[in-house]
Amino acid sequence: MTEAVVVGGGVVGLSAARELARAGLSVTLRTAAGIGDGASAAAHGQLVPPAAPLTGLWKASLTAYDEVSPGTTTGRLVLAETATEAAALLDGPGTVLAGPELAALEPALAPGVRAALHQPEARRIDPREVTRALHAELVALGVRVSEYDPVVDILREPGRWRLRGTDGTGRLHRVVVLTTGLGTRQLCAQLGHRMRLTGSRGRLLRTVPTAPLLGHILGEVSIGPARTGTAVGLLVHQRADGVVLVGASWTAEDQAEPADLDRRILRRAATLVPALADIPVAGRRSGVRPLSPTGRPIIDEIDDDLYVCCGHGGEGFILGPGSAALLADLVLDRRPVTDPAPFRHQEEPE
């Protein structure tokens, strides 16, 4: 019987397995696909400051990335209609920029972009590099990594949990950690726990390598899930290899992405960064973000020795390693890296 099993092979699951293994537990990690093939594969890789209730998780994530794959500090510009609107976003370190000062800092912006909140501590990482580095560390720590090994049933037995796969065999574990995004909803439902999770599809476009264009991560004030249809906004940055990653879109999980989604994403991006209109798209990835109703991840023990760490929305890389650190604190009954109260599970009403 393995002491702990982590179900899910994205940045959250990899980070949770790392935290538990470093604390001395024998750990197995199971993932339904390959490492990093889920929502993590469609991530931008932007480590930007989140809303105030999430700051503790973000800071803990930065500490973990410093050890694994620190990335590059570029700063972020949150574009706004007016300086007053940009100032309203200020919650921690940052500076409101407008007019010539903004144009000098990021010349690629359209002349009509009037103001922005500058957050200089924001970083850019490569999600593929991060998941590879975490995977390599798990192997070095002796974690048993089992890819293409989905969990279809989870059963409670005295003092342990039995997890069954598609082959019908069941493996025993004392502690179970579910980091499977929307899959957590289905597994918990088998045990009578109603997880309040919904999904939102997002698309990421990847351009051909191009000459240096952007010095910062760029985003808009109003980007978020749409109740119906598809919402599109600017979320863009340029990697060290010259590739520009362009988003963002939000489509409800039960709806198909529109046929003209690429065009809509690029049109919005080119409105704010005109040079993007002339750069060919080389590829695209779509993924489903798991969302909680509070907009905060759920990090909690929902049954004896059964833990969940899910619902990060579009902030899986921003908050994932920090969430894993808090999760490990709960499992190991040690002082938490941040107050766990905002991340407790609230049962979905009947």
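The values are calculated or read from the model by the stated rules, or taken from the named source; none is laboratory data. All of these numbers come straight from a predicted model, not from anything done at the bench. Reconstructed Cβ throughout: ideal geometry from the backbone, glycine too, with neighbour counts over all protein chains shown. The accessibility values were calculated without ligands, DNA or RNA, using every heavy atom of the protein model including side chains. Shrake-Rupley method; radii C 1.70, N 1.55, O 1.52, S 1.80 Å.
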Requested in this report: Residue by residue through region 9-40, note down the ones that are closer than 30 Å to GLY75 by Cβ and in a helix (DSSP H, G or I).
Outcome: VAL11, VAL12, GLY13, LEU14, SER15, ALA16, ARG18, GLU19, ALA39, SER40
Requested in this report: Would you mention how many residues in region 99-114 are part of a loop (DSSP other than H, G, I, E, B) and either free of Cβ contacts under 8 Å to residues at least 40 places away in the same chain or within 15 Å of THR73 (Cβ to Cβ) (or both)?
Outcome: 4
Report task. May I ask you to verify whether ILE279 is closer than 24 Å to ALA80 by Cα and either open to solvent by less than 40 Å² (accessible area, probe 1.4 Å) or among the polar types (S, T, N, Q) (or both)? Result -> no
Query raised in the report: With respect to the numbered conditions (1) over 21 Å from the mean Cα position of the chain (by Cα); (2) of a type outside the set (Gly, Ala, Ser); (3) open to solvent by 70 Å² or more (accessible area, probe 1.4 Å), which one is the sole condition not fulfilled by LEU105?
Result: (3)
Report summary line: Within region 218-242, the residues that are aliphatic (A, V, I, L, M) and either modelled with pLDDT under 85 or open to solvent by 10 Å² or more (accessible area, probe 1.4 Å) (or both) are VAL221, ILE223, ALA226, ALA231, VAL232, LEU235, ALA240
Query raised in the report: What are the residue pairs meeting all of these: first residue in region 295-309, first residue open to solvent by 50 Å² or more (accessible area, probe 1.4 Å), second residue modelled with pLDDT of 95 or more and part of a strand (DSSP E or B), Cβ atoms under 8 Å, and 6 or more apart or on different chains?
Result: GLU301/TYR307
Query raised in the report: How many residues does region 41-98 contain that are in a helix (DSSP H, G or I), at pLDDT 90 or above and small (Gly, Ala, Ser)?
Result: 4
Query raised in the report: Looking at ARG196, ARG263, ARG268, which is the one that is closer than 26 Å to GLU85 by Cα and open to solvent by 70 Å² or more (accessible area, probe 1.4 Å)?
Result: ARG268
Query - Any hit, region 213-222, residues being over 24 Å from the mean Cα position of the chain (by Cα) and among the acidic types (Asp, Glu) - result: no
Report summary line: The strands (runs of 3 or more DSSP E) lying wholly within region 115-182 that contain at least 1 residues that are open to solvent by 50 Å² or more (accessible area, probe 1.4 Å) are 144-146, 153-157, 160-164, 170-178
Report task. Determine whether region 340-349 contains at least one residue that is over 19 Å from ARG18 (Cα atoms), at pLDDT 95 or above and surrounded by 24 or more Cβ atoms within 10 Å (Cβ to Cβ). Result -> yes
Query raised in the report: Is it fair to say GLU129 is of a type in the set (D, E, K, R) and under 30 Å from CYS188 (Cα atoms)?
Result: no
**Report entry** Selection within region 166-198 - over 25 Å from LEU326 (Cα atoms) and in contact (Cβ under 8 Å) with a residue 40 or more places away in the chain
**Finding:** ARG171
Requested in this report: Kindly check whether there is at least one residue in region 86-97 that is at positive phi and open to solvent by 40 Å² or more (accessible area, probe 1.4 Å).
Outcome: yes
Query raised in the report: Within region 32-51, how many residues turn out to be out of contact with any His (no Cβ under 9 Å at 6 or more places or on another chain) and either open to solvent by 10 Å² or more (accessible area, probe 1.4 Å) or of a type in the set (A, V, I, L, M, F, W, C) (or both)?
Result: 13
